[in-house]
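Asker: Below: one structure in structure tokens.
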Amino acid sequence: MSVITKSFSLKTKGDTDIIDITGQVINALKEARLSNGIVTVFVPGSTAGITTTEYEPGMLKDLPDLFEKLIPKDDSYHHNLTWGDGNGYAHVRVALVKSFFTVPFVDGEMILGTWQQIILIDFDNRRRQRQIVVQMIGE
């Protein structure tokens, strides 16, 4: 059993920016040269999340619309009163999405559905440089 950790960074626009990171995760898995195990994708920070969906134009509109209905940016958040940074909504949104996603792999290939991609969602109210950690456990 081996544990291999890789990382990559990317720039985001914030404001519920959705980025397909499946290719970068596939590359990390190939570089690790593991056959079978699990891969966890993690974004450090409390205003961006990792999840999975079909990365297509409709979904790129539907997800931000859903988050705005559930957790509106212009609501009053205690976080904003404490820190004054105006991104309380981003912290609440990430609590639902989570900052990681784990998927098994077999014969060096992640087990994803045909239309399933791994995505980063940056909810913050500003542009960010995000570091993505990919940790693989396997043989």
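Every number in this text was worked out from the coordinates using simple rules, so none of it is lab data. Note that the coordinates shown come from a computational prediction; the quantities given were computed from them, not determined experimentally. Glycine gets a Cβ as well: all are built from the backbone with ideal geometry, and neighbour counts include every protein chain shown.
Asker: Using only the alpha carbon atoms of segment 10-139, find the Kirkwood hydrodynamic radius as the inverse mean reciprocal pair distance, in angstroms to one decimal.
Answerer: 15.5 Å is the Kirkwood radius here.
Asker: Sticking with this one: Report, in deg cm²/dmol and to the nearest 500, the calculated mean residue ellipticity at 222 nm for the chain, where each DSSP H run with n ≥ 4 adds -39500 (n - 2.57) and the sum is divided by the residue count.
Answerer: -8500 deg cm²/dmol
Asker: Over 28 Å between C-alpha atoms is what I'm after, so list which of LYS30/LYS69; LYS11/LYS61; LYS6/LYS69; LYS30/LYS73 land there.
Answerer: LYS30/LYS69; LYS6/LYS69; LYS30/LYS73
Asker: In nm, give the distance between the simple-model label positions of THR52 and ASP74, each being 7 Å from the Cα along the Cα-to-Cβ direction.
Answerer: Taking the simple label geometry, THR52 and ASP74 are separated by 3.7 nm.
Asker: With a cut-off of 8 Å between alpha carbons and a minimum separation of six or more residues, what is the relative contact order of the chain in percent?
Answerer: Dividing the mean separation by the residue count of the chain yields 55 percent.
Asker: Shifting gears a bit: Can you check what the net charge comes to around ASN36, using other residues whose Cβ is under 13 Å from the Cβ of ASN36 (Lys, Arg +1; Asp, Glu -1)? It would help to have the intermediate numbers written out before the result.
Answerer: On the way: positive: ARG33; negative: ASP107, GLU109, GLU139.
Neighbour charge sum, excluding ASN36 itself: -2.
Asker: Can you give the net charge of the other residues whose Cβ lies under 10 Å from the Cβ of ASP15, counting K and R as +1 and D and E as -1?
Answerer: +1
Asker: In nm, give the distance between the simple-model label positions of ILE38 and ASP65, each being 7 Å from the Cα along the Cα-to-Cβ direction.
Answerer: About 3.5 nm, to one decimal.
Asker: Can you work out the Karplus-derived ³J(HN,Hα) for every residue in segment 120-135? Use 6.51 cos²θ - 1.76 cosθ + 1.60 with θ = phi - 60°, whole Hz, and x for glycine or proline.
Answerer: Calculated HN-Hα couplings, in order: 9, 10, 9, 8, 4, 8, 7, 5, 9, 9, 9, 9, 10, 9, 10, 10 Hz.
Asker: Okay, next question. I need the phi-derived Karplus couplings for segment 32-46: 6.51 cos²θ - 1.76 cosθ + 1.60, θ = phi - 60°, integer Hz, Gly and Pro marked x.
Answerer: 6, 6, 9, 9, 9, x, 10, 10, 10, 10, 9, 10, x, x, 10
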